[in-house]
Each structure stands twice: as structure tokens, then as C-alpha cells.
1. Do we have PRO145 as buried (at least 21 other Cβ atoms within 10 Å of the Cβ), touching a helix residue (DSSP H, G or I) at 6+ places or on another chain (Cβ under 8 Å), assigned to a loop (DSSP other than H, G, I, E, B) and in contact (Cβ under 8 Å) with a residue 40 or more places away in the chain here?
2. Starting from residues that are in contact with a helix residue (DSSP H, G or I) (Cβ under 7 Å, 6 or more places away or on another chain) and assigned to a helix (DSSP H, G or I), keep the ones in the range 175-205 and report whichever is most open to solvent (accessible area, probe 1.4 Å).
3. When the range 15-51 is examined, which residues are found to be part of a strand (DSSP E or B) and either basic (Lys, Arg) or at pLDDT below 95 (or both)?
4. Could you please let me know if LYS85 is open to solvent by 10 Å² or more (accessible area, probe 1.4 Å), touching a strand residue (DSSP E or B) at 6+ places or on another chain (Cβ under 7 Å) and farther than 25 Å from LEU201 by Cα?
5. I'd like to check which strands (runs of 3 or more DSSP E) are fully inside the range 52-118 and have at least 1 residues that are at pLDDT below 95 and farther than 24 Å from LEU13 by Cα.
6. For the range 151-174, which positions are buried (at least 20 other Cβ atoms within 10 Å of the Cβ) and outside any loop (DSSP other than H, G, I, E, B)?
7. Being under 21 Å from LEU125 (Cβ atoms), without any contact (Cβ under 8 Å) to a residue 12 or more places away in the chain, of a type in the set (Lys, Arg) and out of contact with any His (no Cβ under 6 Å at 6 or more places or on another chain) is true for just one of LYS234, LYS161. Which residue is that?
8. Given the conditions (1) in contact (Cβ under 8 Å) with a residue 12 or more places away in the chain; (2) among the hydroxyl-bearing types (Ser, Thr, Tyr); (3) open to solvent by 20 Å² or more (accessible area, probe 1.4 Å), report the number of the one that SER28 does not fulfil.
Amino acid sequence: MEPVYTPVIGFALTVFRAQGLRFTITGSENVPRQGGGVVVMNHLSYFDYAYAGLPAREQGRIVRWMAKKEIFDNPVMGPLMRGMKHIPVDRKAGVGAYQEAVSALRRGELVGVFPETTISRSLELREFKTGAVRMALEADVPMIPVVAFGNHRVWTKDQPKRLGRSNVPIHMDVGTPIHVPEGANAVEETHQLRETMTAMLHRLQEAYPPLGPDEQGYVPARLGGSAPTPERAKELEAQEAQRRAAKRKPVEQP
């Protein structure tokens, strides 16, 4: 029982039931019942932090998620995130967050990361950062790969929110824990991790119930849907970054 995390989980489950979300979770037995581990998940939805802990919950575990510092600055979410002992990440100075995560892993905690760092518009895996592998290697703990699909139909980039009773099915799969060998190359191991999770995600996508003509934006281009291709998604991300930079640029005074 945790004074903040436990009631937040209870509230989230109540919301999921009210929305009619239907979770199908396979492989949850791959989450270790004790000891540290890096939970590595793909990122398709603004609510992934809420969904991502469900497989661990089936094993009686909770996950401390690494999340961008801006969430902790929010007056509503900030106190909750700190109360749940999640780990803030300042992208301009991430060393502190990295060391905090490694310490938590060594204490036997599960630490969660989204190695793509942002939501994938293409619904395929973006490039991975090497942090998950480096943390697992330094703390001498396994990585636990998790993929989800269907979660993006609730709320994702460039699509309308569906926060009411949508009855959306969300499928999740947990892979076999991956032990990073001592002295391994972090870049090579990250590439292998991404390959493993790509195969897992493709299986999940191909088994997902077919969507109607008005929902083809939720289907990857690889499967004939109208979601952006990875190449087009990169273009959209670059445009988004330019807009953000323009907003931050100070206005010159005459």
C-alpha cells in the first residue's frame, strides 16, 4: 500500500471501466515478482503512463516511470507524480535522472522508460535512445519489453480525444526479460532491443480487430491504413519542433 500510488491506481481503473476500455494482456508472467528491472514500452498514447503499469500490477508490482520534467511542473500532475515517486527527466541535464533511476533499480524497483521519448505518429517504433540498455547494464538488472496497441485510439497526436465510453480494445504483450551481458555495446544492444520489440508490436497489430473506413488513421501504413509512414512522421515531427522553437524565440523590440 502506497499513500499516493495506490489510490491513483484505483481511480485510474475506475476511469478505464467507465470508458469501457477492454484490456487484453499477455505475457504478464514475464514481469519479475521481485527485484529490479527496466520496463521498456512503446509510446502511442498520451495515457501510456496510466496503461503501462497494468502488466506489472498483475504480478503485484508497481513501476516508477521516467517522465519529462514539464509534467512535474504541472500544478495538478506534479504533486501526484512526485507522490508516486516517478523520476523527472530534464532533457537538457539528464544525468541526475539517470543516476536516480539506477539507484532505484539497485534497490529492487521496476523503472519504466519510453525509449522513443515521444509518441509515434506512424504507429511504428521510432529510433530508441540507449538509456534503457545502459541503466540495465549498470544496475545489473533485466529489461522487460512491453508493447501496446489500441491505446492510441483513446488519445494520440493529430487525432481527436475519445475520453467517453468508447469501448476501445487495448492489447498489451510482455516479452521475455532480456539480460544485457557484461561489457555489451549499448548501441548494438539497443538496436537488438528495438528489433525484438518491432516483431512483438507487428504481431500485436496484425492480431488487432479490423477497423472501419472512418478509423483507418489508427492503422499503420504498413497494414494499408492512413497513419503517416515513418518518413512522413519524421517530417511532421520536424515541423512541430520548428513551431515550438518559434514560440520560444523572444520577440525583438523595435
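1. On the way: buried (at least 21 other Cβ atoms within 10 Å of the Cβ): yes; touching a helix residue (DSSP H, G or I) at 6+ places or on another chain (Cβ under 8 Å): yes; assigned to a loop (DSSP other than H, G, I, E, B): no; in contact (Cβ under 8 Å) with a residue 40 or more places away in the chain: yes.
No.
2. Quick first cut of the range 175-205, residues in contact with a helix residue (DSSP H, G or I) (Cβ under 7 Å, 6 or more places away or on another chain) only: 175-178, 180, 184, 186, 189-190, 193, 205.
Those left that are additionally assigned to a helix (DSSP H, G or I): 186, 189-190, 193, 205.
On the way: ALA186: 23, GLU189: 45, THR190: 8, LEU193: 6, GLN205: 8 Å².
Taking the candidates together, the pick is GLU189.
3. Going through the range 15-51, the residues part of a strand (DSSP E or B) turn out to be 22-26, 37-41.
Correct list: ARG22 only.
4. Values: open to solvent by 10 Å² or more (accessible area, probe 1.4 Å): yes; touching a strand residue (DSSP E or B) at 6+ places or on another chain (Cβ under 7 Å): yes; farther than 25 Å from LEU201 by Cα: yes.
The answer is yes for LYS85.
5. On the way: elements: 63-68, 87-89, 110-113.
The qualifying strands (runs of 3 or more DSSP E) are 87-89.
6. Residues of the range 151-174 buried (at least 20 other Cβ atoms within 10 Å of the Cβ): 151-154, 156, 170-174.
Answer for the range 151-174, where residues must be buried (at least 20 other Cβ atoms within 10 Å of the Cβ) and outside any loop (DSSP other than H, G, I, E, B): ASN151, HIS152, ARG153, ILE170, HIS171, MET172, ASP173, VAL174.
7. Values: LYS161 fails: under 21 Å from LEU125 (Cβ atoms).
When all the criteria are applied, what remains is LYS234.
8. So SER28 meets the others, but not (3).
The values are calculated or read from the model by the stated rules, or taken from the named source; none is laboratory data. None of these values were measured; they are calculated from a predicted model. Every residue, glycine as well, gets a Cβ built from its backbone with ideal geometry; the counts of neighbours run over all protein chains shown. Note: areas computed on protein heavy atoms with side chains; ligands, DNA, RNA excluded. Shrake-Rupley method; radii C 1.70, N 1.55, O 1.52, S 1.80 Å.
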